[in-house]
Every structure is written in C-alpha cells, then in structure tokens.
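Below is one structure, written out as structure tokens, with a few remarks after it.
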Amino acid sequence: MKLINEMKLVFLSKSVNESFARTTVSAFVASLDPTISELADIKTAVSEAVTNSIVHAYKDTVGFVYISALIYENGKIIIKIKDKGCGIENIKKAMEPLFTTGGEERAGLGFAVMQSFTDKIKVTSKLGKGTTVTLEKTILPRVSAK
C-alpha cells in the first residue's frame, strides 16, 4: 500500500479548536473527491474523537491534541487523534453506547458515532499517559457517468 499524502496537526484542547480540526481533516481528504456523505462521515468521526480529547482527556486543564492523517493509493485514509491526557481506564466499557464519564450533559455516544461513520476504529490508552483513536475509512473512486 503506497502512501500518497500525509499531514500532521497539533492544537490546544480548547472547544473552539474542534471545528478547526474537523474542517482541516476534511479539506485534506478532499483530494480523494469524496461524496458529500463520505466527507460528512469523516467530519463527524473526527469531531467526536477530538471532542473526547477536549472534554475527557484533560478534564479541567488544557493540553495538546495531535492529529495525523494518511492517504494511501487505494483511497484508504487513516486518521489518528491522540492526546496525552488522563487515559481511559476500561476501553471496552468506554466504547459501550451511553457510557460516559462526562456527567449528565454528555450522551455517551461518541465511540458509537465514530464506529458508525468509519470502516474501522481502534482505541489504545494508558492511564496517565493518554489515548489514541485510529479511524480508517476508504473512499472508493467514483465512476463517471458517460
């Protein structure tokens, strides 16, 4: 699998940066000519992962969120959203729909949303060290109607 393009992004874990991250990643993958629906899926999944870092990883502090995105020749996109926050104690439990550590104002659907809008999701985490969410999605070339 040949790498076509790569980008890296680092920003503070402030809620104002969520839309910046979502928009930047979607602009990066736009070179694959995704459908509006595919682009919306990527934006939503990235938004959820970044929001998790902002709300849960750093709690009442500010840290950095790191995003890397890779595009491969077959249209495969791999996006990693990483933080160096508190980590997740039980990933399996955290990925259950409606589970949240964010209080009543949080729905606990972030990971479920990410799963529904990507082809594959992988979450790794170490307490006190941070979390990495890896999202994979393939954008297949569209056949033009002649």
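A short reminder: the numbers here are calculations on the coordinates, not readings from a lab. None of these values were measured; they are calculated from a predicted model. Here Cβ is always computed from backbone atoms with ideal geometry, including for glycine, and neighbour counts include all displayed protein chains.
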If you rank 126, 43, 2 by fewest surrounding Cβ atoms within 10 Å, what's the result?
-> 2, 126, 43
Sorted by chain and number, the residues with a modelled amide H under 5 Å from that of residue 85, at a separation of 5 or more or across chains, are 130, 131
At 7 Å along the Cα-to-beta-carbon direction for both residue 23 and residue 40, put a label point, then send me their distance in nm to one decimal.
-> 1.9
